[in-house]
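These notes concern the structure reproduced below.
The values are calculated or read from the model by the stated rules, or taken from the named source; none is laboratory data. What you see is a predicted model, and the numbers here were worked out from it, not measured in a lab. Don't worry about glycine lacking a Cβ; one is built from the backbone with ideal geometry, like all the others, and counts go over all protein chains shown. Keep in mind that these areas ignore ligands, DNA and RNA; they rest on the heavy atoms of the full protein, side chains included. Shrake-Rupley method; radii C 1.70, N 1.55, O 1.52, S 1.80 Å.
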Amino acid sequence: AARQVAGLVLSPGGGAFVWDQGVKTSLGPEDARGLSINSSGHVVGTSLGRAFIWRNGMMSDLGTPRSHSIAHGINDVDQVVGSFYPPGFVSVQGIGRAFLWQNGVTTDLGTLGGLERPALGINNAGQVVGEAMTAQGIFHAFLWQNGVMSDLGALGSGWSVAWGVN
């Protein structure tokens with residue numbers, strides 16, 4: 001539905017919510033964070049340290065194969081992107097590794113030579129964007145499509161991040 005909002009209430013009894021035509025609906029536990037919503041009103045985020053999708057009034061764990069995960073984006077065909085922490089992974093920046101989830105299958109999106117990278121946005125064509133650490137330890141914006149992660153570079157020698165793609 002159009003004009004819905006997903007978000008987070010930061011107060012006792014709060015948590016993730018969907019706002020639809022003046023009505024706010026809680027999505028579950030107080031620690032839940034609603035981070036993205038698609039045109040069907042399906043919401044993704046994190047709750048109890050696990051990536052979730054909320055649809056048809058129910059919150060479901062994405063079943064990512066790692067102990068901690070967060071979903072950052074969802075498109076209109078329910079492809080979900082986010083980050084997870086593999087077993088034994090020691091995070092440099094607390095970011096994790098990028099994933100694409102589709103129909104119950106989680107795919108690791110690869111690397112730009114470094115360890116960490118979150119996937120932050122996805123369009124309806126399945127193109128994914130985010131930030132990835134290069135082999136030199138610098139974060140650059142990336143575009144992932146057709147199984148390949150491409151470095152989008154930065155202005156000058158700095159850090160860059162891509163949040164969304166249309």
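Stokes-Einstein diffusion for region 1-86 at 37 °C, viscosity 0.692 mPa s, with a Kirkwood radius from C-alpha pairs, works out to 259 µm²/s. In this calculation the C-beta distance from residue 3 to residue 67 is compared with R0 = 41 Å, giving a FRET efficiency of 0.70. Nonpolar atom fraction for the chain, defined as the carbon and sulfur part of the 1.4 Å probe accessible area, stands at 54 percent. Using a probe of 1.4 angstrom and keeping all protein chains present, the accessible surface of the chain works out to 49 square angstrom per residue. Note: relative contact order over the chain, using C-alpha pairs below 8 Å and six or more positions apart, is 12 percent.
Annotation: peptides 7-13, 127-133, ranked by per-residue average of other Cβ atoms within 10 Å with the highest first, follow the order 127-133, 7-13. Taking only alpha carbon atoms, region 18-147 gives an Rg to Rh ratio of 0.98, where Rh is the Kirkwood radius.
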